[in-house]
Amino acid sequence: MNSIVTQRFISCHNELKKNKTIRSSRQFALSLDYLPQSLSEILKNRRDATIELLRKVVEVYKVSPVYLFTGEGPKFMKEEGAGDFKVLTIVTDPQNDERIVHVPIPAQAGYASDLSDPTFIQELPSYSLPDYKYKVGTHRSFDVAGDSMEPTLFEGDKVICSYLEPTLWHNSIKDNYVYVVVTQGDVLVKRLQNKISESKSLLLISDNNYYEPYPIKLNEIKEIWYVRAKISPFLPSPQNIKNVLRDEIRELRHALINQSSMVENLYKTIEELVNQNRK
């Protein structure tokens with residue numbers, strides 16, 4: 001039995017024939033610089049489509065890589081959206097399983113400017129996690145810099161993310177979820193509000209109220225990654241959390257007592273002034 005990706009490849013092949021985009025399977029194979037006999041083996045469920053064959057069918061026939069690898073979205077990319085597709089550089093282990101590439105703070109400026117350089121990506125540290133959800137699709141992790149996402153994320157935390165294909169930005173970006181947005185010169189961790197339909201932009205929101213929300217146009221964005229988890233070096237115990245809450249409540253009580261005392265003194269002062277004016 002072929003893999004699910006190969007089954008989707010076959011489905012795209014069949015649709016191309018049905019729409020008369022291709023005349024025959026042989027012509028299809030030759031247009032992809034692939035042996036017709038080998039393609040026949042794939043169509044008969046005897047072998048899997050290779051990565052190179054999948055790359056070629058995306059390039060030549062605008063088959064959606066999102067559909068091939070996830071089953072989501074349309075099978076084919078629209079001509080105006082085809083330019084949005086980009087091939088991500090990945091890192092694999094000896095078993096050909098994809099690893100999670102980590103982008104530390106010192107490398108983030110380089111990452112934003114050198115996305116098209118496979119060597120740069122391959123030299124970044126990488127690792128794997130046992131959870132099945134990190135075995136499907138492409139993932140990155142990024143160091144969190146600064147305090148703009150406190151108290152949700154602190155500097156030194158790491159966020160683990162799934163790649164969001166540009167063809168899915170319009171419908172898949174959910175309001176108030178956390179994403180990593182890669183621009184030409186920066187890597188930003190923010191909550192987003194989807195303004196694509198209204199103004200072809202996204203609103204970037206910080207959890208720290210000191211920082212004002214601001215918009216960013218889609219044409220300024222190179223990648224978007226959906227944050228799925230975080231790794232934090234700070235592990236407060238329940239007792240510590242209780243202590244913090246207790247201290248905050250104590251400070252609030254003192255503040256209320258002080259304000260009550262100030263209001264009472266103010267009333268007394270006003271009363272004395274009124275009495276003096278009556279005399």
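Values computed for the structure shown
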{"read-out": "Positions within the stretch 58-73 being part of a loop (DSSP other than H, G, I, E, B) and modelled with pLDDT under 85, in sequence order", "value": "Gly71, Glu72, Gly73"}
{"read-out": "Some residue of the stretch 54-66 being surrounded by fewer than 15 Cβ atoms within 10 Å (Cβ to Cβ), out of contact with any Lys or Arg (no Cβ under 9 Å at 6 or more places or on another chain), free of Cβ contacts under 8 Å to residues at least 24 places away in the same chain and within 12 Å of Phe9 (Cα to Cα)", "value": "no"}
{"read-out": "Failed criterion for Ser197 (all others in (1) in contact with a Lys or Arg (Cβ under 9 Å, 6 or more places away or on another chain); (2) over 22 Å from Ser162 (Cβ atoms) hold)", "value": "(1)"}
{"read-out": "Unmet criterion (only one of (1) in a helix (DSSP H, G or I); (2) in contact with a Pro (Cβ under 6 Å, 6 or more places away or on another chain)) for Leu53", "value": "(2)"}
{"read-out": "Yes/no for Ser237 being at pLDDT 90 or above and small (Gly, Ala, Ser)", "value": "no"}
{"read-out": "Single residue of Ile105, Ile51 found to be outside the structural domain of Leu164 (by TED's automatic domain parsing), modelled with pLDDT of 85 or more, of a type outside the set (Phe, Trp, Tyr) and out of contact with any helix residue (DSSP H, G or I) (no Cβ under 8 Å at 6 or more places or on another chain)", "value": "Ile51"}
{"read-out": "Those residues of the stretch 145-166 which are within 16 Å of the chain's Cα centre (by Cα) and under 18 Å from Asn176 (Cα atoms), in sequence order", "value": "Met149, Leu153, Val159, Ile160, Cys161, Ser162, Tyr163, Leu164"}
{"read-out": "Selection status of Arg8, touching a helix residue (DSSP H, G or I) at 6+ places or on another chain (Cβ under 7 Å), at pLDDT 90 or above and more than 21 Å from Pro74 (Cα to Cα)", "value": "no"}
{"read-out": "Members of the stretch 95-143 that are of a type outside the set (Phe, Trp, Tyr), assigned to a helix (DSSP H, G or I) and surrounded by fewer than 12 Cβ atoms within 10 Å (Cβ to Cβ)", "value": "Pro106, Thr119"}
{"read-out": "Qualifying helices (runs of 4 or more DSSP H) (wholly inside the stretch 1-46; at least 2 residues being within 16 Å of Ser64 (Cβ to Cβ))", "value": "4-18"}
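The values are calculated or read from the model by the stated rules, or taken from the named source; none is laboratory data. Everything numeric here is computed off the predicted structure, so don't read it as measured data. Glycine also receives a Cβ, built like all others from the backbone with ideal geometry; neighbour counts cover every protein chain displayed.
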